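The values are calculated or read from the model by the stated rules, or taken from the named source; none is laboratory data. Everything numeric here is computed off the predicted structure, so don't read it as measured data. Methodologically, a virtual Cβ is constructed for each residue, glycine included, from the backbone with ideal geometry; neighbour enumeration extends over all protein chains shown. Just the protein is used for accessible areas: all its heavy atoms, side chains included, with ligands, DNA and RNA removed. Shrake-Rupley method; radii C 1.70, N 1.55, O 1.52, S 1.80 Å.
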Amino acid sequence: MPDASVVIATHNRVRELGDCLAALALQSNPEQFEVIVVDNGSHDQTREVIAAHASDRVLGVFVADPNRAKARNAGIAQARGRIVIFCDDDTVAPENFVAEHLRAHDE
């Protein structure tokens, strides 16, 4: 089980999402977290970007109704980590983003 689940709700922001997922792939502790990307009714190539990043640590979920709260709740429902970290789809996280969240929670 991962220590953390990073939940990203996204809607029609394919370029930003690609950069966000690329940054999360470069985290210093990839074995400690999973990423759940909730496509919130996008009409662009969001599903393709999610599929390109899909792995045993990156899961895509689709919620047809564009509603950020519903999207986040759908991500939480899939989360396996002991903590949930919300990340916006336009965030380019530094390499210690998840590690620092885990450290802060442990303290």
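So, in the stretch 64-74, exactly how many residues are surrounded by 14 or more Cβ atoms within 10 Å (Cβ to Cβ) and modelled with pLDDT of 95 or more?
Within the stretch 64-74, residues that are surrounded by 14 or more Cβ atoms within 10 Å (Cβ to Cβ) and modelled with pLDDT of 95 or more number 5.
Can you tell me which of (1) loosely packed, with under 15 Cβ neighbours inside 10 Å; (2) in contact (Cβ under 8 Å) with a residue 40 or more places away in the chain; (3) not small (Gly, Ala, Ser) is the one ASP3 doesn't meet?
Single failed check for ASP3: (1).
Considering only the stretch 62-74, state which residues are part of a helix (DSSP H, G or I) and in contact (Cβ under 8 Å) with a residue 24 or more places away in the chain.
Answer for the stretch 62-74, where residues must be part of a helix (DSSP H, G or I) and in contact (Cβ under 8 Å) with a residue 24 or more places away in the chain: ARG68, LYS70, ALA71, ARG72, ALA74.
Of the residues in the stretch 18-40, how many are open to solvent by less than 50 Å² (accessible area, probe 1.4 Å), out of contact with any Gly (no Cβ under 8 Å at 6 or more places or on another chain) and closer than 17 Å to VAL98 by Cα?
9
For a quick check of your reading of the model, give me the residue pairs whose first member lies in the stretch 75-88 and is surrounded by 13 or more Cβ atoms within 10 Å (Cβ to Cβ), whose second is basic (Lys, Arg), with beta-carbon atoms closer than 9 Å and at least 6 apart or on different chains.
Close Cβ pairs satisfying both conditions: VAL84/ARG72; PHE86/ARG72.
Criterion first (open to solvent by less than 80 Å² (accessible area, probe 1.4 Å), closer than 14 Å to CYS20 by Cβ, under 12 Å from the mean Cα position of the chain (by Cα) and of a type in the set (Gly, Ala, Ser)) does ALA93 satisfy it?
Spelling it out, ALA93 is indeed open to solvent by less than 80 Å² (accessible area, probe 1.4 Å), closer than 14 Å to CYS20 by Cβ, under 12 Å from the mean Cα position of the chain (by Cα) and of a type in the set (Gly, Ala, Ser).
So LEU59 ticks every box in (1) open to solvent by 50 Å² or more (accessible area, probe 1.4 Å); (2) aliphatic (A, V, I, L, M); (3) part of a helix (DSSP H, G or I); (4) within 15 Å of ALA9 (Cα to Cα) but one. Which box is left unticked?
(3)
State the number of residues belonging to the stretch 96-107 that are in contact (Cβ under 8 Å) with a residue 12 or more places away in the chain and open to solvent by 60 Å² or more (accessible area, probe 1.4 Å).
Residues that pass the stated criteria total 3.
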